[in-house]
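A quick write-up on the structure given underneath.
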Amino acid sequence: MRVPTAHRALGVIAGLALATGLAGCTNAADWSASGSDTASSSSGANEGYDTSAIKEQADIAALLPKDALADGVLDIGTSTAYPPGEFLNADGTPIGYEVDLTHAIARVLGVKTTTHSAAFDSIISSIGSKYDLGVAAMTITTERESAVDMISYINVGSQFDVQSGNPKKIDPSHTMNLCGLTIGVQTGTGQETELGTDSQTCQDAGEPAIQVRSYSKQSEAATALVGGTIDATYSDSTVAGYAVQLTDGQVETVGDVVDALPQGIAVSKDDPQLTKAVQAAVQYLMDEGIWRDILSSWGVKDAALSKAELNPSVGG
């Protein structure tokens, strides 16, 4: 665990930046380095978890109000700019673990689903009108809970990636261990800000600064790491795990996930019955291990929550 001398509100920062700072990674092909095979030929090949075997659960489907989803379609608002949560495949189709989650919820409820791509900051205001649900890696905050109901489903923090085998023996458990290293981040993310602060801490202690190398796309940072141009990358924990998969194991995660905060599905406060049905569907997917398997199919480990909590108590 990183030294907690100055706990950062990283989850809030990252949650707000998902569709802005990470907007460069909108296509699975972005993970393939131009003119290079270091990002692995498997990039973009993963189309996700097959939800077709999930059966409707009559008791949960019965929770849906009779006048809900009159068209039989669960409309999802998301921002397709956050691999592996939600992004576009080569055909422009939304994919990702959150897209798979919404498909799975729909299967449990016995309805269909349509994913709508939207600007991140427009989603909450459109819940209950344009969209039935908002599923866009939204960190749960008290401010958001005041506007919509939120159902927790995943914990996301930050984590480092290093070359496979960790040949440089990098130990990120203490800020001072990072002094003098060159670490790649994506421009505009909370991790970029955090490492800038850590670099100053190193210098104040008379140690070499952290060389923070910023990239417009996380794929570029991953490729630089594989090639040895940088010593490590620092990103959202889900993104770090996905990089392992997309580089065919040429990188690995190291150290604990830090500053993890829950993210939630947004539902209108005016539709408590729909909220109850969706919460029950998510809990079913958790209890059956399906949600964990969905995440695993995208290279994400140890992030699945086991309880779909409605409006959990959070800070910020």
Whether any residue in region 162-169 is under 19 Å from Leu305 (Cα atoms) and open to solvent by less than 20 Å² (accessible area, probe 1.4 Å) is what I want to check. no
Subset of region 291-316, residues open to solvent by less than 20 Å² (accessible area, probe 1.4 Å) and either polar (S, T, N, Q) or not in a loop (DSSP other than H, G, I, E, B) (or both), comes to Trp291, Ile294, Leu295
Given (1) modelled with pLDDT of 95 or more; (2) on the phi > 0 side of the Ramachandran plot, Tyr234 misses just (2)
Would you confirm whether any residue within region 58-72 is part of a helix (DSSP H, G or I), within 29 Å of Gly157 (Cα to Cα), free of Cβ contacts under 8 Å to residues at least 60 places away in the same chain and open to solvent by 60 Å² or more (accessible area, probe 1.4 Å)?
-> no
Across (1) out of contact with any helix residue (DSSP H, G or I) (no Cβ under 8 Å at 6 or more places or on another chain); (2) part of a strand (DSSP E or B); (3) surrounded by 21 or more Cβ atoms within 10 Å (Cβ to Cβ), Thr223 clears everything bar (2)
Those residues of region 142-161 that are polar (S, T, N, Q) and open to solvent by 10 Å² or more (accessible area, probe 1.4 Å) come to a total of 4
The number of residues in region 267-316 that are of a type in the set (D, E, K, R) and closer than 30 Å to Val251 by Cα is 4
When region 95-113 is checked residue by residue, the ones that are under 20 Å from the mean Cα position of the chain (by Cα) and either at pLDDT below 95 or assigned to a loop (DSSP other than H, G, I, E, B) (or both) are Gly96
**Message:** Taking the conditions exactly as written (β-branched (Val, Ile, Thr) and out of contact with any Pro (no Cβ under 9 Å at 6 or more places or on another chain)), does Thr142 satisfy them or not?
**Reply:** yes
Original post:
Quick check, is Ala205 over 19 Å from Asp256 (Cα atoms), surrounded by 15 or more Cβ atoms within 10 Å (Cβ to Cβ) and in contact with a helix residue (DSSP H, G or I) (Cβ under 8 Å, 6 or more places away or on another chain)?
Top reply: no
- Taking Val257 as the residue in question, decide whether it is open to solvent by 50 Å² or more (accessible area, probe 1.4 Å) and closer than 25 Å to Glu194 by Cα. yes
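The values are calculated or read from the model by the stated rules, or taken from the named source; none is laboratory data. What you see is a predicted model; the values in this text were computed from it and never measured. Using ideal geometry, Cβ is built from the backbone for each residue, glycine included, and neighbour counts are taken over all protein chains shown. Only protein heavy atoms, including side chains, enter the accessible area calculation; ligands, DNA and RNA are left aside. Shrake-Rupley method; radii C 1.70, N 1.55, O 1.52, S 1.80 Å.
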